[in-house]
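Some notes on the structure that comes next.
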Amino acid sequence: MNLKEEQEKTLKAERLKYSLISKLLFLVMDIIYKKDRTLLKFRVLELLARVPYQVWESGSYRKISFGFKDPDKMSDAIDSMYESRTQQDNEQWHLLILEELIAKKNLKQNFIMYTVFPQLSLIGYRITTIIIYMLFPRFSYRLNAYFEDHAEHEYMHFVQENPQFEDEPFVSDYSQYYGSFDNVADFLRQVGLDERHHKEQCLKY
């Protein structure tokens, strides 16, 4: 797979028509962390990105625990559980490798901005996601599709804005789990591509 071609495909594609809730979320992030794309900002996004998959996985476990008389519904719940777990793990590797890059670059992280606020945001986002999933499950998936579409474009633009990543070797303790790349640019392109795949999966619901 040619990751540069996938990047160009994203850059040429129109973004989805985001919902009001999505736009507000993106606006808040831009107000707090500014519109500039940075590794630190992406780290915060990846912290939040795991939440919907965790909520959906838990929901699938509950359905399986209560049991279904309909074998098709049981099968759907098992598929959903597996899919949510896989995507959640994928987002986790994004986060861990981003943290490696941030540590290697010795980027300074304000404690309030990059520790306290993200943790508080996680609580609020989890509660909101649970409520939406319980009341409007299809909209929960659609909302995450907006989130993933936004992330896909942001990562690809970030690589475009930082050509120096092409010459920066990719070295990670998690390569055996996530994959090896020639440079940091390709790693970030792969992350953007992963977000596209997550988006496409959510749009099926």
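Could you tell me what percent of the accessible area of the chain is made up of carbon and sulfur, with a 1.4 Å probe and every protein chain present?
After summing per-atom areas, the C and S share lands at 57 percent.
Around residue 118, what is the net charge, scoring Lys/Arg as +1 and Asp/Glu as -1 over all other residues with Cβ under 13 Å from its Cβ? Kindly include the intermediate steps, with their values, before the conclusion.
On the way: positive: 41, 43, 50, 126; negative: 46, 99.
Overall, the nearby charge balance is +2.
Tell me the net charge near residue 105. Cut-off is 13 Å between Cβ atoms, residue 105 excluded, with +1 for each Lys or Arg and -1 for each Asp or Glu.
0
Over 20 Å between C-alpha atoms is what I'm after, so list which of 23/108; 35/104; 9/199 land there.
23/108; 35/104
Can you give the FRET efficiency to the nearest 0.05 for residue 175 and residue 128, using r as the Cβ-Cβ distance and R₀ = 35 Å?
Working: r = 35 Å, r/R0 = 0.99.
Calculated value: 0.50.
Say R0 is 45 Å: what FRET efficiency, to the nearest 0.05, do residue 115 and residue 17 get from their beta-carbon distance?
Details: r = 34 Å, r/R0 = 0.75.
Given R0 = 45 Å and the Cβ-Cβ separation, E is 0.85.
When the C-alpha atoms of the stretch 1-153 are aligned to their principal axes, what extent does each axis show, in angstrom, from largest down?
Here the Cα extents, ordered largest to smallest, are 54, 38, 32 Å.
Considering only protein heavy atoms, with the full assembly of protein chains and a 1.4 angstrom probe, order 24, 101, 16 by accessible area, largest first. The partial results should precede the final answer.
On the way: 24 90, 101 10, 16 50 Å².
Of 24, 101, 16, the descending order of accessible area is 24, 16, 101.
Sorted by accessible area (1.4 Å probe), largest first, how do 177, 82, 205, 53 line up? Walk me through the numbers before you get to the answer.
Details: 177 130, 82 160, 205 85, 53 0 Å².
Ranking 177, 82, 205, 53 by accessible area, largest first, yields 82, 177, 205, 53.
Note the full-extension length gain between residue 54 and residue 197 as 0.36 nm times their separation in residues minus their Cα-Cα distance, in nm to one decimal. Numbers along the way, then the final one.
Values: separation 143, 0.36 × 143 = 51.48 nm, distance 1.74 nm.
My answer for the length gained is 49.7 nm.
Using the Cβ atoms and a cut-off under 12 Å, what net charge is assigned to the surroundings of residue 48, where Lys and Arg are +1 and Asp and Glu are -1?
Details: positive: 41, 43, 50, 126; negative: 46, 91, 148.
That sum, taken over residues with Cβ under 12 Å, equals +1.
The values are calculated or read from the model by the stated rules, or taken from the named source; none is laboratory data. Keep in mind it's a predicted model, so treat the numbers as computed, not measured. Counting neighbours? That spans all protein chains shown, and the Cβs are built from the backbone with ideal geometry, glycine included. Please note that ligands, DNA and RNA were not included when accessible areas were found on the heavy atoms of the full protein model with its side chains. Shrake-Rupley method; radii C 1.70, N 1.55, O 1.52, S 1.80 Å.
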